[in-house]
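Notes follow the structure.
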Amino acid sequence: MAFLISLPSVVYGQVSFDPVRIRDTNRMEGRRTETAYSGTPYWIASYSASKLTTAEAALFDAFNMDANDGGVIAGYDAHRPRPIAYQGSNPLSGVKAGGGAFNGDAVLQSITDGNTIVVSGLPAGFKLGRGDYVEVRKSTFVRSLHRITQAATASAAGVVTLKIRFALNTQVFTLPCTVHFEKPSCIMEMDAGSFSMPKTWPNYNVQFTATELFLP
């Protein structure tokens, strides 16, 4: 049975985190081109960290064991763990427009269409930019990760309309859902055989890759 594991909390020197959209393009006579899209877009990631201490390397030893024994990863872009306007080493914080502490979690208020969502429960004036990540979560193992395509600012009531790519699957993600801006993630599986961490004293280097996994 799948269980959720977190990325070890270290400094990742190099991260690649990209969406994949399956497509087939045919170029034909008469300067005609046809492109067909298929399947569901998904995310792929690669992580590497160097000069790990022995204690940090031990975290990765345990992480690797879990990832190879049913553990699925809450994978996110470790170089972009929150909106650019709030980038830094401190997690998101503040006060929601409607009252209460804000930690990066919000509420999916409505779905206009697959590429447009309305989010509430934000601080007034909360800023989101092009390329920022947003996660829509139905349950622990059912998440959809997107990039914002138009800059937007939350209203005085803490509500914002977001344009996103790729489209949200509106058959799976129906209200109620939560929305997350602190370490927005998708469910990923470590790629078999990708983990490498040679034991070299006094420091260790680690690298691995992962691919999004769709769970019911």
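Checked against the criterion of being more than 26 Å from residue 140 (Cα to Cα), touching a residue at least 12 places away in the same chain (Cβ under 8 Å) and not aromatic (Phe, Trp, Tyr), the candidates 66, 77, 24 yield just one match: 24.
Summed over the stretch 133-145, residues that are under 16 Å from residue 110 (Cα atoms) and of a type outside the set (D, E, K, R) total 3. If you check residue 145 against the conditions, is it touching a residue at least 40 places away in the same chain (Cβ under 8 Å) and in contact with a helix residue (DSSP H, G or I) (Cβ under 8 Å, 6 or more places away or on another chain)? So residue 145 fails the test.
From the list 64, 26, the lone residue that is out of contact with any Lys or Arg (no Cβ under 8 Å at 6 or more places or on another chain), at pLDDT below 95 and either of a type in the set (S, T, N, Q) or crowded, with 18+ Cβ neighbours inside 10 Å (or both) is 26.
Take the stretch 56-115 and flag every residue that is outside the structural domain of residue 172 (by TED's automatic domain parsing) and among the polar types (S, T, N, Q). Residues satisfying the conditions are 64, 68. Number of residues in the stretch 175-191 that are part of a loop (DSSP other than H, G, I, E, B) and in contact (Cβ under 8 Å) with a residue 40 or more places away in the chain equals 8. Here residue 172 clears all of (1) of a type in the set (Val, Ile, Thr); (2) in a loop (DSSP other than H, G, I, E, B); (3) more than 22 Å from residue 39 (Cα to Cα) except the condition numbered (3). Restricting the stretch 164-193 to residues that are over 26 Å from residue 1 (Cα atoms) and under 16 Å from the mean Cα position of the chain (by Cα) leaves a set whose member that is surrounded by the most Cβ atoms within 10 Å (Cβ to Cβ) is 181. Exactly one condition in (1) aliphatic (A, V, I, L, M); (2) in contact with a His (Cβ under 8 Å, 6 or more places away or on another chain); (3) surrounded by fewer than 15 Cβ atoms within 10 Å (Cβ to Cβ) is not met by residue 15; state its number. So the condition that residue 15 fails would be (3).
How many residues does the stretch 90-123 contain that are on the phi > 0 side of the Ramachandran plot and surrounded by 15 or more Cβ atoms within 10 Å (Cβ to Cβ)?
3
Being modelled with pLDDT of 95 or more, loosely packed, with under 13 Cβ neighbours inside 10 Å and in the same structural domain as residue 4 (by TED's automatic domain parsing): is that true of residue 196 here? Here the answer is yes, as residue 196 does meet what is asked. Of all residues in the stretch 39-81, those satisfying the criterion of being assigned to a helix (DSSP H, G or I) and either farther than 16 Å from residue 5 by Cβ or among the charged types (D, E, K, R) (or both) are 54, 55, 56, 57, 61, 66.
The values are calculated or read from the model by the stated rules, or taken from the named source; none is laboratory data. It should be emphasised that the depicted structure is a prediction, and the values quoted were computed from it without experimental measurement. Cβ: placed from backbone, ideal geometry, glycine included. Neighbour counts: every protein chain shown.
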